[in-house]
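K.L.:
Here it is, the structure, as structure tokens.
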Amino acid sequence: MNAETTRRALLGLGLGSVGALLVGGAAATAAPGTVTLGSLAFDVPTDVHESPASAALGGPSWAWRGDRPTAAGAFIVLARADLASSDVEEVVGWLLASGLVGALPGLVAQTRRTRTTPGGGEQVRLDVAYAAGPGVTYHGTLLVATRPAGPAGVVLVLGDDRLTAGEVSSVLDSARWIS
Amino acid sequence: MAARRRAVERAALRRTAIDRVIAAVLVVVTAAGLMSVLPGSSQRAVSRATCRVATLGLGTCGDPGLDLTDVALAPPRCLTLAALDDAVPEVRVRRLVAARGLVVTVSTARSGDVVAQLGDAPQPPVPKVLAGEARPQRPVIEGVDVPAQAEWYLPRGQGLDELVGAVQDAEHQVVQRRSALGLLGTMLDRDERSVPPPTLLTSSLDLRQPLWPRVEGQAPPRPPRSGKAGSPSRVPGRSGSSVSVATDRPAVSVFNRISRESALVVPLTGSLGGRAATGTMRVLRDPTGAVVSVLLAVVTPSRAVPGEPLASVPGPAVAYAQVPVRTATERDVVATWLAGPGPAVVPLDGLLGLRRPQADDQLESFFTRAATVTVLRYGLADIGELAGRVATELRDGRRQDWEGVPLVEAGAVAPTSSGAGRRFVVDQACRT
């Protein structure tokens, strides 16, 4: 009787552990939210929420602004898909132009990576870092996706020192044209 | 009796028919003779008219009717202007009009490079791209539209005839579609060329428009790096001669789809030698985004550089400073300068003041060491008009001779390896 009780207790413990793992794993890999702007779509983590325009999120120029309001560090996702161009170099030039009037203090931009975007066209990724405020450096990656007929799409993922490359890639790797 | 009368009638008919054939041949020969003595343009016009009548207006009817042969630009007046061609090439502008009204404006540089503009309809305003504006279309001839604020850059002029031919083909298609026989014409005529997309695209940018997230705070943001090349200053130089980027007017972006280079053209304001000065700056980036040259043009009513003699005829001057950026160190200096906490400032004490640069100012040291300065002074010209012309020159990347306004003086300051010992040299060949 004792042996049976012990066996059942062990089985129950095992089942409970498996259940806890499944629940925990499901929470950790919850389905991300999909953002669609015109023909451009990308996924953001579920804890990144759409926010209203503000200077802290780049102003009203962006069609979609999202951030993660937690103590885990800044995590900002900005996007638009209405730029009248079919050339990535032209779009990158537009976005970095305001550095000339002090909008990007200490800008470091490097590592251009060109690849194709799911759904067609090419994309360029540019790693950027700049002083966003007193003692605050934002770094991240700018993705510019173009198609021959335009318009161009832009997805910018920024954060502070706690932003990881994996978090950036999880958003940018999901960028795709849907029509 | 009746048979004899019929034979006489047949003979008369034969004679009449032969006479008519002979008369027709004579008319053709006479017309050909007359055509041969007409000027070439008239011959083409008659041929096109005949062709149009014969094809009920649906035929392509001959060549474009434009003289697209390149006519070489005369050599520059002096070596100073020849050197300026490297920074802002002088062009010869021709406005050509085809038979059906197509206007082609061809700007040809001494290098043979051509920039073509189609049509003469007014250009819509330059699109504000970051505000989400699309590039509008603009008619070049009836039924044929092309993107506005766009031009066709044609290295060595190659492809100009194809461009013009393609526009005329497009017009031909429009005419065909409107015709009652349009369907037949469309089915039979399948080898029409399509108008190639423009290769120079101009856009307007409001640099004050917020785009990049900022964290509000009391202290000014500190750059994340001091920079391998030091910290070029963004404050005016020793005597206060400097110009800075003006934010009250939009910047202009010009993208070249052939070279993949992008130019950012911004207005400048400041002072030179104690007097107000305005100007324009053109920052050129290669396809990787690296700055490859900085071209500065400062307009002033007084002396642009020390040692510049006053011309016999008074007038404003423009000082061009062409700074090529070649090495990684130079790119670092320029990149740090362009990523300062405020509008970029160009110190002029060393660049145009010809003073020895301060040892701790790497930007000024680089500019004075690398810049080729060219000064052109125009007699009795309006300084505002000169500033406008210079802004257009830097936006277009080309310049034209200023008709009706004399160039009374030209001179240059050559770069030196240390930045010291630079001096202004008048080019007597350009002095009036």
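The values are calculated or read from the model by the stated rules, or taken from the named source; none is laboratory data. Note that the structure is a prediction, hence the values are computed from the model and not measured. No Cβ is skipped: glycine too gets one built from the backbone with ideal geometry, and neighbour counts run over all protein chains shown. With ligands, DNA and RNA removed, areas are computed over all heavy atoms of the protein, side chains included. Shrake-Rupley method; radii C 1.70, N 1.55, O 1.52, S 1.80 Å.
K.L.:
Would you please give the residues with an amide H less than 5 Å from that of B:Val144, counting only those at least 5 places away or on a separate chain, with H modeled from the backbone geometry?
P.N.:
The answer is none.
K.L.:
In whole Å, how far is the Cα centre of the stretch B:304-343 from that of the stretch B:354-432?
P.N.:
8 Å
K.L.:
Turning to a different aspect of this structure: Through the Karplus equation 6.51 cos²θ - 1.76 cosθ + 1.60, θ set to phi - 60°, convert the phi angles of the stretch B:102-119 into ³J(HN,Hα) values in whole Hz; use x for Gly and Pro.
P.N.:
5, 9, 10, 9, 10, 10, 10, 8, 5, 6, x, 5, 10, 10, 10, 10, 10, x
K.L.:
On full extension of the chain, what length is gained from B:Val313 through B:Ala7, given 0.36 nm per residue of separation minus the C-alpha to C-alpha distance?
P.N.:
Numbers: separation 306, 0.36 × 306 = 110.16 nm, distance 9.59 nm.
Length difference between fully extended and current span is 100.6 nm.
K.L.:
Defining a contact as two alpha carbons under 8 Å apart and six or more residues distant in sequence, what relative contact order in percent does the stretch B:259-329 show? Present the calculation step by step, with values, prior to reporting the outcome.
P.N.:
Values: 126 pairs, mean separation 18.5, N = 71.
Computed value for the stretch B:259-329: 26 percent relative contact order.
K.L.:
Okay, next question. Between B:Asp120 and B:Asp401, what FRET efficiency comes out of the Förster formula 1/(1 + (r/R0)^6) with R0 = 22 Å and r the beta carbon distance, rounded to 0.05? If you can, show how the numbers build up before the last one.
P.N.:
Numbers: r = 21 Å, r/R0 = 0.97.
The formula returns an efficiency of 0.55 here.
K.L.:
Within 10 Å of each Cβ in B:338-345, how many Cβ atoms from other chains are there, averaged over the peptide? If you can, show how the numbers build up before the last one.
P.N.:
Details: counts 6, 13, 8, 6, 4, 4, 4, 0.
Taking all residues of B:338-345 together, the mean is 6.
K.L.:
Over both sides of the A-B contact, add up the buried accessible area with a 1.4 Å probe and give it to the nearest 100 Å². Before the final figure, lay out the partial values.
P.N.:
Values: alone 9610 and 23240 Å², together 29010 Å².
Interface area, both chains combined: 3800 Å², rounded to the nearest 100.
K.L.:
Probe radius 1.4 Å, ligands and nucleic acids left out: which of B:Cys51, B:Cys430 has the largest accessible area, and how do the rest follow?
P.N.:
Details: B:Cys51 40, B:Cys430 0 Å².
Heavy-atom accessible area, descending, gives B:Cys51, B:Cys430.
K.L.:
Another one. Taking N as the number of residues in the stretch A:46-89, what is its Cα Rg relative to 2.2 N^0.38 Å?
P.N.:
Details: Rg = 12.4 Å, N = 44, 2.2 N^0.38 = 9.3 Å.
Normalised Rg, Cα atoms only: 1.34.
K.L.:
Using a 1.4 angstrom probe on heavy atoms only, work out the carbon and sulfur share of the accessible area of the stretch A:28-119 in %.
P.N.:
On the way: 1910 of 3430 Å².
So the carbon and sulfur contribution to the accessible surface is 56 percent.
K.L.:
Here's something else I'd like to know. How large is ³J(HN,Hα) for each residue in the stretch B:410-419, as worked out from phi by the Karplus curve 6.51 cos²θ - 1.76 cosθ + 1.60 (θ = phi - 60°), to whole Hz, x for Gly and Pro?
P.N.:
Here the 3J(HN,Hα) series is 9, x, 8, 10, 7, x, 10, 5, 9, x Hz.
K.L.:
A further question on this structure: How large is ³J(HN,Hα), in whole Hz, for each residue of the stretch B:201-207 in order, when computed from phi with the Karplus curve 6.51 cos²θ - 1.76 cosθ + 1.60 and θ = phi - 60°, using x for Gly and Pro?
P.N.:
In residue order, the calculated couplings are 10, 10, 9, 9, 10, 8, 5 Hz.
K.L.:
If R0 is 45 Å, what FRET efficiency do you get for B:Ala414 and B:Val93 from their C-beta distance, rounded to 0.05? Don't skip to the answer; put the middle values down first.
P.N.:
Details: r = 30 Å, r/R0 = 0.67.
My answer for the efficiency is 0.90.
K.L.:
Taking accessible area as the heavy-atom solvent-accessible surface of the protein chains with a 1.4 Å probe, which residues of the stretch A:134-157 lose no less than 40 Å² upon going from the isolated chain to the full protein assembly?
P.N.:
A:Pro134
K.L.:
Quick query: amide H of B:Arg214 versus all other amide H atoms, modeled in the peptide plane; which residues come in under 5 Å with a sequence gap of 5 or more or a different chain?
P.N.:
A:Ala56, A:Leu57, A:Gly58
K.L.:
Taking amide H atoms as placed 1.01 Å from N in the peptide plane, list the residues 5 or more away in sequence, or in a different chain, whose amide H sits under 5 Å from that of B:Ser242.
P.N.:
B:Ser271, B:Leu348
K.L.:
For the stretch B:252-292, what is the accessible area per residue in Å², given a 1.4 Å probe and the full set of protein chains? Provide the component values of the computation, followed by the final result.
P.N.:
Numbers: 1460 Å² over 41 residues.
Result: 36 Å² per residue.
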